[in-house]
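For reference, the structure is listed below as structure tokens.
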Amino acid sequence: MVSTPGPPVAAHPVDAVVVGAGLSGLYQLYRLRRLGLSTVVLEAGDDIGGTWYWNRYPGARCDIESMSYSYSFSPELDQEWEWSERYASQPEILRYIHHVADRFGLRGDVILRTRVTRAVYDQDSHLWQLSTDTGRTVTARFVILATGCVSVPKDPGIPGADSFAGAVHHTARWPREDVSFAGKRVAVIGTGCSGVQAIPVIADEAASLTVFQRTPAYVLPAHNRPLPSAETARFKADYPAFRRAQRLSRGGTVFEPPTRSALEADETERTAAYEAAWNTGFLNGLLRTYTDILTDEKANETVAEFVRAKIRSIVTDPATAELLSPRTYPFATKRPCLGTDYYATYNRPHVTLVDLRTTPIETITPRGIRTSDGEHALDMIVFATGFDALTGSQLAIDIVGKGGVTLRDRWAQGPRSHLGLVSAGFPNLFTVLGPLSPSVLTNIAVSLEQQVEWITDCIAHLRRNGVTEIDALPDAEADWGVHVAEVAGRTLYPAVDSWYTGANVPGKPRVFLAYAGGLDRYRAECDAVARDGYTGFALSSRP
């Protein structure tokens, strides 16, 4: 049984607290247990699963292939679990996470329905004290934030939302009970990846569907399908070699890297290459065709126009096709989406697209949504408005480090940390998949294992050597921030308003939030730091 909140008592100290019981938090618990540390996981949700617990909206599924988007630490687990689809749905991924938790006996150290609200570091004892919304407090030497890259929903910020008389749902906080769209006039606000997945499913059932779009997405076909047992058996036979290749890869997925510029190929050759990539159903298929898609605007435009031509070939109404065609930002500088019948959905007579750039929303009314062009009468509104990504889940906790400095104040101009792992002045506080690490630019199933293993090895080193505190050195932290910015600056990413840069959240500092140098390079950087005795960090012990 999973533990549930107890009375408001101060628990005896544990070696480590992990915040979050998703894929990262559960693997961190597994590794710390093997190290012999007393560890507790604090989870705000009613169940384990993290992203795959909260995001249960219609059509929710992974955009990395199931056989790749899974733990690699256990060869036995690889062989025994059977994925049913090429791209697993949310229910199947959640079943997988539950299977892992049960197989390795992880549930007993997870405390559910317990949100960490505050964490304060004691400089004298080298211990953290965590407070929760249940009144429970926990003291620990080490704290690992496994709170997720995209786990804090963005407030839609639309006036009048509380006045609507119908049902309101957010894709990131979907109810556990079934939601029926039958006979209803439904609105979806937002066309990022969650909206792209939900819209065709909702359209299948709703009496009418109105999609409110501010910025169109580049949506690639998933070509999802069942996985025959013979195919999975062949894959499993090669799993050990595949897992090794994943760990050494640039993004946690295995493919043959391109060798030529898109501008070196003629239009016929490029179109054939793009067509082949489009038909693979891979999220990064088009990015893998040529070397300079993300670094050269002219090269990028060749693939962007290819996608726009695909949209025009699918969507029968030319005006709607044009509204769905991205023209204000280069391909893949906002996260592209994998979809199933997304563009074809707009050919259905009961589906309407509203362009918020020409007719913005003025307010939500009791009857529906009023734009500058008039009111849309509705029975249900679905917000698919995204997240306060990468920093939101950490800054949601009042974290107080050395000298009473808060993480919120320290990050007022953007996140600062060494290797995306430890922020100076906040010792023994590690982050998995946090800002300034590869995280969302990679297959996070591979990235999280790399970071969890580095953190675990670091803690083991500290304990072997009687060290009670590790803190990032300010100069090393600053150097890493400069390096992250320089690497991003060689790409087209930073110039675009996106959640990668924090531009989707009003008042959030504009900083490119992820390390764009590749997981292979990042792994090498982290390994070198550890091999050289944790350079860039200050190690100390209580007197």
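A short reminder: the numbers here are calculations on the coordinates, not readings from a lab. Since the model is a prediction, treat every value here as computed from it, not as a measurement. Every residue, glycine as well, gets a Cβ built from its backbone with ideal geometry; the counts of neighbours run over all protein chains shown.
Can you grab the distance from the C-alpha centre of the stretch 311-371 to the C-alpha centre of the stretch 460-479, Å, no decimals? Here the answer is 49 Å between Cα centres. Per the Debye calculation on the stretch 243-332 with a single equal scatterer at every Cα and no solvent contribution, log₁₀ I(q)/I(0) for q = 0.15, 0.17, 0.18 Å⁻¹ amounts to -0.62, -0.77, -0.84. VAL41 sits among other residues whose Cβ lies under 11 Å from its own Cβ, and their net charge, with Lys and Arg +1 and Asp and Glu -1, is 0.
Figure the gain on full extension for GLU269 and THR535 (residue separation times 0.36 nm, minus the Cα-Cα span) and round it to one decimal in nm. Kindly include the intermediate steps, with their values, before the conclusion.
Values: separation 266, 0.36 × 266 = 95.76 nm, distance 4.78 nm.
Gain on extension, GLU269 to THR535, equals 91.0 nm.
In terms of its C-alpha gyration tensor, the stretch 390-543 has an oblate overall shape, because the principal axis ratio a/c (a ≥ b ≥ c, square roots of the eigenvalues) is not below 1.5 and a/b does not outweigh b/c.
Highest first, please rank the peptides 489-495, 517-523 by the mean number of other Cβ atoms sitting within 10 Å of their residues. Present the calculation step by step, with values, prior to reporting the outcome.
Working: 489-495: 17.0, 517-523: 19.7.
Going from most to least packed, we get 517-523, 489-495.
Using helices alone, I'd like the mean residue ellipticity at 222 nm for the chain: each DSSP H run of four-plus residues gives -39500 (n - 2.57), total over residue count, nearest 500.
Result for the chain, helices only: -9500 deg cm²/dmol.
Is the C-alpha gyration tensor of the stretch 138-217 telling us rounded, prolate or oblate? Criteria: a/c under 1.5 is rounded; beyond that, a/b larger than b/c is prolate, otherwise oblate. Numbers along the way, then the final one.
Working: a/c = 2.10, a/b = 2.01, b/c = 1.04.
It is prolate, given that a/c is not under 1.5 and a/b is the larger ratio.
Given their separation in residues at 0.36 nm each and the Cα-Cα distance between them, ALA524 and ALA182 gain 117.8 nm when the chain is fully extended.
Diffusion coefficient of the stretch 281-378 by Stokes-Einstein, Kirkwood radius over Cα pairs, 37 °C, 0.692 mPa s: 211 µm²/s. Relative to the longest principal axis of the Cα atoms of the chain, the long axis of helix 239-248 lies at roughly 80 degrees.
Quick check on the chain: of the DSSP beta bridges with both residues there, what percent are antiparallel, nearest 5%?
Numbers: 27 of 67 bridges.
Around 40 percent of the beta bridges assigned by DSSP in the chain are antiparallel ones.
In this simple spin-label approximation, ASN347 and HIS223 carry label points 7 Å from Cα along the Cα→Cβ vector, and these lie 1.9 nm apart. Relative to the longest principal axis of the Cα atoms of the chain, helix 193-205 runs at roughly 50 degrees.
Between GLY195, LEU338, PRO415, the Cα set farthest toward the positive side of the dipole of the chain (charges on each charged residue's Cβ, about the Cα centre) is that of PRO415. Packing-based ranking of 128-138, 157-167 yields 128-138, 157-167, ordered from highest to lowest mean Cβ neighbour count within 10 Å.
So which of LYS154/LYS334; LYS334/LYS508; LYS402/LYS508; LYS310/LYS334; LYS154/LYS402; LYS184/LYS508 end up more than 28 Å apart, counting from Cα to Cα? The partial results should precede the final answer.
Numbers: LYS154/LYS334 16 Å; LYS334/LYS508 17 Å; LYS402/LYS508 24 Å; LYS310/LYS334 19 Å; LYS154/LYS402 30 Å; LYS184/LYS508 36 Å.
Violating the 28 Å Cα-Cα cut-off are LYS154/LYS402; LYS184/LYS508.
Magnitude of the Cβ-charge dipole of the chain, K/R +1 and D/E -1, about the Cα centre, nearest 20 debye? Don't skip to the answer; put the middle values down first.
Numbers: 54 positive and 61 negative charges, 135 e Å.
Using Cβ point charges on Lys, Arg, Asp and Glu, the chain gives about 640 debye.
Rounded to the nearest 10 degrees, the angle from helix 267-280 to the longest Cα principal axis of the chain is 60 degrees.
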